[in-house]
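A.B. asks: If you scroll down you'll find the structure; I have some questions about it.
The values are calculated or read from the model by the stated rules, or taken from the named source; none is laboratory data. The shown structure was predicted, so the numbers you read here are calculated from the model rather than taken from an experiment. For neighbour counting, all protein chains shown are included, and Cβ atoms are generated from backbone atoms with ideal geometry for every residue, glycine included.
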Amino acid sequence: MAEAEVLVRHEQLETFLCRLFQHAGMLPEDAAFHAQALVLSNLWGIDSHGVLRAPIYLQRLRSRAINPRPQVRTLRGGRGLEVLDGDDGPGFIVGREAMLRAVTLAQDYNIGMVSVVRSNHFGAAALYARIAAERGMLGIAMTSVGPNIVAPGGSKPIIGNNPIAIAIPTFQEFDFCLDMSLSAVAGGKLLLASKKGEKIPLDWATDKEGRPTDDPDIAFAGFLLPMGGFKGLGLAYVVEILCGVINGGAFGEDILSMYKQSDQPSHTGHMMLAVNLEAIISRDDMAERMGAYFRRIKQSPMWDPQSQMYLPGELEHRKALQRRREGVPLPANLYKELLALAADMGVSDDLIALEAAGTI
């Protein structure tokens, strides 16, 4: 554990966050899911998309930039394809409803595709792809982000880093789950580096003029670089078309930053896809074939005998087992910020138990 971190038990952290979200106006069930989603992200080791973001979500809920009790409704579409209006609700709640709707459509039509307009930041895309995988379906989740990537050679951001996640059930110890943003790194990693007082690699991001920087605060105010150059840039265009162009939603600079325009809804769009795999393969056959596929990859030789091949979803699974046992590490300044928020909101802070501490 880093020196300036504290450990908390994940159950207590989840309960604590749930109380904060309820106090900010969310329904108990929605507050519980929101809290669970953030803590799950930390359990998986995706700290950049977990509890770190709770303060900005709470700020936006309290100011009503985010509608704490959205009335999500179908705008148009039919059969296996629909567009939902998220009513400016929390991205976590709107995203959950969209994927659950996609699963329902896939139960009837084998494929369900649900696009969303008027939502907000929804955290890690894996949260929603896994909803489908947990129900035996293939899940794909993606979301649009305001322009924060500068094209190679460009001097102004042209597209968001538009994350995409793909989850495939394996009926093994863990499901296949690929989750990636289309920038060299997610913006949350800059925020996490800033919280920890760390430098960043020069190929992650640039300043406002497109020059590489190792300062996360300067980078956060500047631009991200695309993953894989023009290949990542092209994929980012595809995600924005699916999440904001064809569904009648916002795209480009019409998508607002939850940090830079914190008092306004973000107008974020999502796209969820669920595929009923039982239409083409039984669960037993799926388990057998995915097991064989995993073993083939795991047995691939490595030039370093101390190394091993990891599968998408495996590191997150291992990290979750460890953190469920040992606790979730939080930057000390984030821990203090959460306690201060609880005091300001009149919420008891005794549900966070400090298990171990560095310098706080």
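A.B. asks: Tally time: how many residues in the stretch 206-261 are under 18 Å from GLY153 (Cβ atoms) and either in contact with a Phe, Trp or Tyr (Cβ under 8 Å, 6 or more places away or on another chain) or assigned to a loop (DSSP other than H, G, I, E, B) (or both)?
C.D. replies: 13
A.B. asks: So which residues in the stretch 128-153 are farther than 22 Å from ARG211 by Cα, touching a strand residue (DSSP E or B) at 6+ places or on another chain (Cβ under 6 Å) and not in a strand (DSSP E or B), if there are any at all?
C.D. replies: TYR128, ALA129, ARG130, ALA132, ALA133, MET137, SER144
A.B. asks: Here is a follow-up. Among the residues of the stretch 201-212, is any modelled with pLDDT of 90 or more and not acidic (Asp, Glu)?
C.D. replies: Among the residues of the stretch 201-212, not one is modelled with pLDDT of 90 or more and not acidic (Asp, Glu), which makes the answer no.
A.B. asks: Now for a different question. Just one of (1) touching a strand residue (DSSP E or B) at 6+ places or on another chain (Cβ under 9 Å); (2) within 23 Å of ASP88 (Cα to Cα); (3) not aliphatic (A, V, I, L, M) trips up ASP254, so point out which.
C.D. replies: (1) is the only condition that ASP254 fails.
A.B. asks: How many residues, within the stretch 9-52, are in contact (Cβ under 8 Å) with a residue 60 or more places away in the chain and either among the aromatic types (Phe, Trp, Tyr) or within 22 Å of GLY313 (Cβ to Cβ) (or both)?
C.D. replies: Looking only at that region, the number is 19.
A.B. asks: Can you give me the ranges of the strands (runs of 3 or more DSSP E) entirely in the stretch 10-124 with at least 1 residues that are buried (at least 24 other Cβ atoms within 10 Å of the Cβ)?
C.D. replies: 81-85, 111-119
A.B. asks: Among all residue pairs at least 6 apart or on different chains, which show Cβ distances below 6 Å where the first residue, located in the stretch 234-245, is free of Cβ contacts under 8 Å to residues at least 12 places away in the same chain and the second is not acidic (Asp, Glu) and not in a helix (DSSP H, G or I)?
C.D. replies: Short answer, once both residue conditions are applied: VAL245/PHE251.
A.B. asks: Could you count how many residues in the stretch 266-284 are part of a loop (DSSP other than H, G, I, E, B) and under 18 Å from the mean Cα position of the chain (by Cα)?
C.D. replies: The total comes to 2.
A.B. asks: Failed condition for ALA353, given (1) under 28 Å from the mean Cα position of the chain (by Cα); (2) at pLDDT 90 or above; (3) more than 30 Å from LEU138 (Cα to Cα), with all others met?
C.D. replies: All conditions pass for ALA353, except number (2).
A.B. asks: Identify, please: which residue in the stretch 290-306 is assigned to a helix (DSSP H, G or I) and either of a type in the set (Ser, Thr, Tyr) or over 29 Å from the mean Cα position of the chain (by Cα) (or both) and is, among those, nearest to VAL117 (Cα to Cα)?
C.D. replies: TYR293
A.B. asks: Only one of PHE230, PHE220 is out of contact with any Ser or Thr (no Cβ under 6 Å at 6 or more places or on another chain), surrounded by fewer than 16 Cβ atoms within 10 Å (Cβ to Cβ) and not aliphatic (A, V, I, L, M). Can you tell me which?
C.D. replies: After applying the criteria, what remains is PHE230.
A.B. asks: Still on this model: Out of GLY229, GLY197, GLY146, GLY210, I need the residue that is touching a residue at least 60 places away in the same chain (Cβ under 8 Å) and within 16 Å of the chain's Cα centre (by Cα). Which one?
C.D. replies: Of the residues listed, the single one that is touching a residue at least 60 places away in the same chain (Cβ under 8 Å) and within 16 Å of the chain's Cα centre (by Cα) is GLY146.
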